[in-house]
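Novice: Could you have a look at this structure, given as structure tokens, before my questions?
Any read-out appearing in this document is the output of simple, stated calculations on the displayed coordinates, not a laboratory observation. If you're wondering where the values come from, they're calculated on a predicted model, not measured in any experiment. A quick note on method: Cβ atoms are made from the backbone with ideal geometry, for glycine too, and the neighbour counts reach across all protein chains shown.
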């Protein structure tokens with residue numbers, strides 16, 4: 001069962017690109033890192049970031065660059081112009 005948490009969202013993002021097995025290992029590693037930090041810092045506490053964390057922290061310039069690169073890979077010539085406000 002995939003939960004509606006940061007780790008669940010991480011799994012769903014990775015499984016699209018890498019497959020089920022690698023996504024599970026990636027999430028398990030994330031859980032191991034979280035556990036290590038909690039054990040080594042007595043004052044630390046786990047705070048769930050939420051399933052939409054990556055959407056809230058998306059860099060617009062990076063997203064634009066990635067989309068342009070995808071179009072160029074498909075053989076399109078891309079010219080960006082700023083919109084008139």
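Novice: Given the options 61, 26, 51, state which has the largest fluctuation in a GNM of the chain using a 10 Å cut-off (strictly under) for Cα springs.
Specialist: 61
Novice: Follow-up. Mind sorting 73, 3 by how few other Cβ atoms lie within 10 Å of their own Cβ, fewest first?
Specialist: Working: 73 8, 3 11.
Ascending Cβ contact count within 10 Å gives the list 73, 3.
Novice: What is the list of residues in segment 1-18 whose amide nitrogen lies under 13 Å from a point 7 angstrom out from the Cα of residue 54, following Cα to Cβ?
Specialist: Backbone N within reach: 5-18.
Novice: OK, next. Between the helical axis of 20-40 and the dominant principal axis of the chain, each derived from Cα atoms, what acute angle in degrees is found, rounded to the nearest 10?
Specialist: Helix 20-40 sits at roughly 50 degrees to that axis.
Novice: Right, another one. Taking Cα atoms, how many degrees apart are the long axis of helix 60-73 and the longest axis of the chain, rounded to 10 and kept between 0 and 90?
Specialist: 60
Novice: Next question. Considering the Cα positions of segment 12-85, please state its Rg to one decimal place and its Dmax as a whole number of Å.
Specialist: Answer for segment 12-85, Rg first and Dmax second: 18.5, 54 Å.
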